[in-house]
Amino acid sequence: MKNTKLYRLLAVLLVLTLFAAACGSDEADDGATGGGDGDSQTDDGGDSGDGGDGGDSGDGGDSDGGDSGDGDGDEPVDVTQGGILAQVQARGVINCGIPTSAVAFAQQDANGVWQGFDIDYCRAVAAAVFGDADAVNFVPLTAAERFTAVQVGEVDLLMRTTTWTQGRDASGDQGMDFGPTTYYDGQQMAGRRSQGFSEDSTVADIDGLNVCTNAGTTTEKNISDAVAAAGGSFTLIQADDIPTAVAAFVAGSCDIFTTDGSGVAGEAFTNEDNADGDWVVFPAQPISKEPLGPVYPQNDSEWGDIINWTVFATIIADEKGITQANASERLAEEQAKQDAGGEGLDAEVLRLLGGEGELQTALSLSPDAFLNVIEAVGNYDEIYTRHIVPIGLKREGSANARWTEGGLVYAPPAR
Ligand SMILES: N[C@@H](CCC(=O)N[C@@H](CS)C(=O)NCC(=O)O)C(=O)O
């Protein structure tokens, strides 16, 4: 590995180059063909989005604004050296990359406090590392900015509705690793009933129309591929972020708004323009797979394991009925069973919550790390119920159901 300064200089140069490209709006022109180019680097790292803001990533500074965390000590990690855990511990706070605004996943409440599914997973990792779920510096990032922020160590963790893809994960240019999927999503669209769309509409029905989404996403590639495969064409209108894309849909400058299904549902549920129910989400079967989950700098397995097992701990807790309210009681109960000779003992619960046989110290965490996680944010079901259910997306019957109930949410054993 080269030294950090050189690495960051290269990153800055890359971002500046992309910024120059962005000013020329070449991405929007490319998209207008409706054909996928399959170039994952352009897709993920080099979209026009917010070249200007992306420049911040190069120096790892704290100039993003909007941070609601401690706001201090958010020094970038040195991704070329590994040892991210030690750097995070020395800093005392986790820099967590989040959406600028995504209904149910990351939004600021009336008090300016970040809330959402992705927010809770940032907080979960902070609870695991520090025993303090508030030890998070939230770093709002557009889709186009997010991967540079990981690559240069501006964020230790990215929880930003990010799809795990081969191109993003591959080592080499991208410099990122992916953790367990926290939300199985798939791309859908919103159109207007008053313009002839219905639940039965398909990609073929958007032939010749204007389609809005945010830049730097799988979304724009998927829609290009799907429309081309259906023999049609369309005009892709790229926004920096979803609120801007939705505003364009509301204003009528695009006929279709598209993103991950959760994002389409969240906007359809909350946007007052849809008070009359004119928006319709289609197709029922999404046009893509969008497994969303944590992303972190690559080649640091100590750090990666901590994030992965924090996610798994929330899933195991759900399987075992360990909740925010009962976690310490469950630990005491299992400890009592152990002390009484082991009858009826659930040894996995005992280990997960920090009792005999615990493996959190093997992850360089304290034994009660996952007890702290569950007490801070709850188990997977509690997190899902708190944020996703309110926008009308049930867990039951979806890919996000427990594996024992026909879903894909599954964790390896804590042993
Ligand atoms: N999952 C896709 C799309 C990610 C994405 O940007 N999703 C939207 C809607 S769920 C979002 O988070 N927007 C927030 C923002 O624009 O800040 C990807 O990884 O490329």
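The values are calculated or read from the model by the stated rules, or taken from the named source; none is laboratory data. Small disclaimer: the values here were computed from a predicted structure and weren't measured. Every residue, glycine as well, gets a Cβ built from its backbone with ideal geometry; the counts of neighbours run over all protein chains shown.
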Exercise. So which residues in region 159-199 are surrounded by fewer than 20 Cβ atoms within 10 Å (Cβ to Cβ) and away from the ligand (no atom under 15 Å from the Cβ), if there are any at all?
Worked result: 170, 171, 172, 173, 192, 193, 194, 195, 196, 198, 199
Seminar exercise, completed: residue 140 meets each of (1) within 14 Å of the ligand (Cβ to nearest atom); (2) under 14 Å from residue 97 (Cβ atoms); (3) outside any strand (DSSP E or B) with one exception, condition (3)
Exercise. Taking residue 86, is it farther than 20 Å from residue 162 by Cβ, without any contact (Cβ under 8 Å) to a residue 12 or more places away in the chain and assigned to a helix (DSSP H, G or I)?
Worked result: yes
Exercise. Is it true that some residue in region 213-235 is part of a strand (DSSP E or B) and of a type in the set (Lys, Arg)?
Worked result: no
Problem set entry | region 75-94, residues that are under 16 Å from residue 304 (Cβ atoms), modelled with pLDDT of 95 or more and in contact with an Asp or Glu (Cβ under 6 Å, 6 or more places away or on another chain) | 84, 85, 88, 94
For this session: Of all residues in region 98-114, count the ones that are under 16 Å from residue 183 (Cβ atoms) and in contact with a helix residue (DSSP H, G or I) (Cβ under 8 Å, 6 or more places away or on another chain).
Result: 7
Problem set entry | region 211-233 - residue that is surrounded by 24 or more Cβ atoms within 10 Å (Cβ to Cβ) and of a type in the set (A, V, I, L, M, F, W, C) and, of those, farthest from the ligand (Cβ to nearest atom) | 227
Exercise. For region 99-121, how many residues meet the condition of being of a type in the set (A, V, I, L, M), within 14 Å of the ligand (Cβ to nearest atom) and in a loop (DSSP other than H, G, I, E, B)?
Worked result: 2
For this session: Those residues that are over 20 Å from residue 260 (Cβ atoms) and either at pLDDT below 95 or outside the structural domain of residue 90 (by TED's automatic domain parsing) (or both), I need them from region 154-173; list them, please.
Result: 170, 171, 172, 173
Seminar exercise, completed: Those residues of region 279-308 that are within 16 Å of the ligand (Cβ to nearest atom) and either surrounded by 21 or more Cβ atoms within 10 Å (Cβ to Cβ) or outside any loop (DSSP other than H, G, I, E, B) (or both) come to a total of 10
For this session: Please find, within region 362-387, the residue that is surrounded by the most Cβ atoms within 10 Å (Cβ to Cβ) out of those that are β-branched (Val, Ile, Thr) and within 17 Å of residue 180 (Cβ to Cβ).
Result: 373
Exercise. Any residue in region 260-270 that is assigned to a helix (DSSP H, G or I), of a type in the set (Ser, Thr, Tyr), under 23 Å from the mean Cα position of the chain (by Cα) and within 9 Å of the ligand (Cβ to nearest atom)?
Worked result: yes
